Structures are given as structure tokens and as C-alpha cells.
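Taking it in order: structure first as C-alpha cells, then the write-up.
Every number here is computed from the coordinates shown, using simple stated rules; none is lab data. Keep in mind that this is a model prediction, so the values were computed, not measured. Every residue, glycine among them, receives a Cβ derived from its backbone with ideal geometry; neighbour counts consider all protein chains shown.
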Amino acid sequence: MSTNFEKHFEVDVDNCSMEQLRDILVNKSGKTPLANRFRALFNLKGVAEEFATKPEEAKKATEYIAEAFGDDSELLKHEVAYVLGQTKNMTGAPLLRDVLADEQQQCMVRHEAAEALGALNDVESLPILEKYFKEDPLLEIRQTCELAIDRIKWETSEGAKKESLQESLYSSIDPAPPLSLQKDYKIPELKAILNDQSRPLFERYRAMFRLRDIGNDDACLALASGFDDPSALFKHEIAYVFGQIGNPIVVPHLKEVLEREQEAPMVRHEAAEALGSIATDDVLPVLKEHLKDTDAVVRESAIVALDMYEYENSNDLEYAPV
């Protein structure tokens, strides 16, 4: 998603009560467009982030957000988990643990719950993350738990305090920090680390985010080489950072990934949303085509991506949730 993603889905919270936002999010009417449900989600996120100054309201907003975990939409639920991790509000941690432990939830939702626990830097979640890292039958869950464990351990280490990191252009809390500025990495070296499957996944992600923060054409093309990796988790994160960077040079790579019929839905969905964020003219017919995709997550992602495309190509500053 682009740096404009949350701005796009924000409206003035004063126009809606939290209860109204909750009703939009959970589609109480049964007729709420998906894009409007995303808008309600990101406005509730804004309230949930105010836990230091408005603890009761923030707690209520977090609980309202979590109500959407009962929805049928895998795409929406995965975004709900992402949002709870980004709020820094620890009220969400036990709710996310429950989702990770719920093996009836879809893989993409459980993965995002595990990643969110890492984003919250929730030390109390280390036991459950260790459990699913060792025992879960799904590779995507094991790899996400591995990253979350390493992120929490890095965040709480003495070494992390000594590292010099580039100040990010992006507001997201990422699965791993970029590689330290204390070493002058060149793009070919970062590309080599990115694609070296013998290295720890956490280190490869750190190379990924260092390349993202460089963000020029050469860095983006180096990142695109990661689309040949066997890990769906790894490829979906590449697509995610392309949505943040917004560099049109990667459009052909994202289109190719989206059109891979055998590719994991979590990868294809992220490619669709990244195309919506980049929003060049040539992505419009591609996204429209995938409104009829055989996979529900990809179809819904095309809806969200087209909404984002329209926003990026308009002069509108605000959207209403209803």
C-alpha cells in the first residue's frame, strides 16, 4: 500500500460515532461497500492509537475493530489484524493471539495476526509464537512467527540501541528494520543478501527494507528479483513494499505476479493493491479484469485497488464512510 493508503481511507471521525464506524466496519446493514468498510477501519485505528490520552475510547475502538474477525472476508480480516499491530495499543495483543491460535481462520489472517504481535513488540506473545513456529503445518505461519520472534528479540536487545538506521519515509511498523547504515551496502550486495536462502529470513527482510528505503529504479529492480523466491510470504512482502514505494518501473513485474494463476492468493492480492497504489494508466484494465478473478481475496483486492486508483488520480482530499 502506498504512503497515501491510510490517508485515502480516512474521514473526519467527528462525522461518525465509534458505534457508527463499528456498524460500517462489520457491515451491519449488509449493504456496505468494501471500500467504505476499510474507511471505517482506519478511522477506528486513529482512535485506538490514542491510548495514552484517551485510554477508554482507545480500548473500545480496539475491541470494535476486532469484532470484524467474525466476518467472511479474508481480505478485510487480514487488514484488521494489520491495523491492530500498527496501533501500538497492547489491548489488541490477546485478541491477536486468539486469532493466531484459531486454526479455523484462513492462513492469511493468522499470518497477519502473528506479524502484528511482532509489530506490537509483545514479549508476552513469545511463547505462542514459538509454539506455532515449531508446530504449525503451514510454512507461511511458521515463517511469520520466525520473523515476529526475531523482531521482538531484536527490538529488546542492547545491539538494537546501537544501530544507526535510516529514518523511514513510511509510517508503517515493519516486520524487520532495515540493515544498519553503519555499513555502506551497495545495491548488488543488498540484492545478494535478499535472495540468499541460506541466510536467516530476518536478515533477508532487513535487506529488503534497506532497498525499499533507497527506493530508486535500481533498488526496485533488485527487489523485483525476489519474486522468484519459493516463499509466498517473502513474495507478498516484496509486493507490499512496491505499493509503498510507488515506483512505476515495477508495474510489469506486479502485473506478471498478479496474472500467475498458480501463485498464492496472498501474493497476488498484494500485487493488486500495489498496482492500485501506483495507479498508472496501464494498470486500470488489469485491475478491472481481476474483478472476476476465481479467487475471492484477489477479487476483493481488485475492488480496493480500483478505489485506490481513483483516489490517486483524483483531486479529492476526503472520502465519506457512508
Calculated FRET efficiency for the pair E19/Q166, C-beta based, R₀ 30 Å, to 0.05: 0.15
Under a GNM of the chain (C-alpha, springs under 10 Å), which listed residue has the highest mean-square fluctuation: T144, T87, T280? T280
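Considering only lysines 8 or more places apart in sequence, or on different chains, count the pairs in region 112-231 whose C-alpha atoms sit under 18 Å apart.
Qualifying lysine pairs in region 112-231: 7.
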Förster radius 56 Å - calculated FRET efficiency between E124 and N216 (Cβ-Cβ, nearest 0.05): 0.90
With an 8 Å Cα cut-off and a minimum separation of 6 or more residues, compute the relative contact order for the chain in percent. 16
Just how far, in whole angstrom, is region 212-274 from region 65-132 if you go by their alpha carbon centroids? 23
Subtracting the Cα-Cα distance of K255 and E189 from 0.36 nm times their residue separation yields 21.1 nm
Mean separation of Cα contacts under 8 Å, 6 or more apart, over the residue count of region 1-162: relative contact order %: 15
